[in-house]
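*Asks:* The structure is given below, and queries will be raised subsequently.
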Amino acid sequence: MSEQTEVTRIRAVKKKHERRLLRKKNVVGVGIGLRERKGQQIEEMVLTVMVRQKQPPSALLPWDRIPQELDGVPVDVQVVGEFRAQQEGQTTC
């Protein structure tokens, strides 16, 4: 499968499941990207679910657990912390 075809397929799965994923505890975003292993990207396109912090499945209620794949598309959970909007004119260093 070509990379463009794979991205198109993952984009459709993202659109279908994004709203439900964003309602899960700890989830702050959903995207498409490369899988990460031990901080390094590997050449596997995945649906990326961004969380504030990783938690073991046993610490989550069943409906808050993130599946390893959706509709045949692999899912990668990545820790990104908390997103906050900045006020106009505010800078970060």
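Every read-out reported here was derived from the displayed coordinates using simple, explicitly stated rules and does not represent laboratory data. Predicted model only: the values in this text are computed from it and were never measured. Positions of Cβ are generated from backbone atoms using ideal geometry, with glycine treated the same way; all protein chains shown enter the neighbour counts.
*Asks:* Quick one: net charge of I66's neighbours, Cβ under 12 Å, K/R +1, D/E -1?
*Replies:* +3
*Asks:* Could you please rank T5, T48, placing first whichever residue has the fewest other Cβ atoms within 10 Å of its Cβ?
*Replies:* Working: T5 9, T48 21.
So the ranking, lowest neighbour count to highest, is T5, T48.
*Asks:* Would you please name the trypsin sites (Lys or Arg not before Pro) within the stretch 1-82 that are DSSP coil residues with at most 10 other C-beta atoms within 10 Å of their C-beta?
*Replies:* Loop-located and lightly packed - R23, K38.
*Asks:* If I compute Cα Rg over 2.2 N^0.38 Å from the structure I just sent, which labelled value in (1) 1.19; (2) 1.62; (3) 0.98 lines up?
*Replies:* Here the calculated entry is (1).
*Asks:* Once both labels are modelled 7 Å past Cα along the beta-carbon direction, what's the M1-L61 spacing in nm?
*Replies:* Between M1 and L61, the simple spin-label model gives 3.3 nm.
*Asks:* To make sure I understand, if each residue's beta carbon is the centre and we count other beta carbons within 10 Å, what order do M1, M45 fall in, fewest to most?
*Replies:* M1, M45
*Asks:* Which loop GluC sites (Glu not before Pro) in the chain, with loop taken from DSSP, have no more than 11 other Cβ atoms within 10 angstrom of their Cβ?
*Replies:* In loop regions of the chain (DSSP not H, G, I, E or B), the sparsely surrounded GluC sites (Glu not before Pro) are E82, E88.
*Asks:* Once you place label points 7 Å from the Cα toward the Cβ at R23 and Q53, how far apart are they in nm?
*Replies:* Result for the modelled spin labels: 2.6 nm.
*Asks:* Okay, next question. Between R9 and E43, what is the spin-label point distance in nm, taking each point 7 Å from the Cα along the Cα→C-beta axis?
*Replies:* Here the answer is 1.7 nm between the modelled labels.
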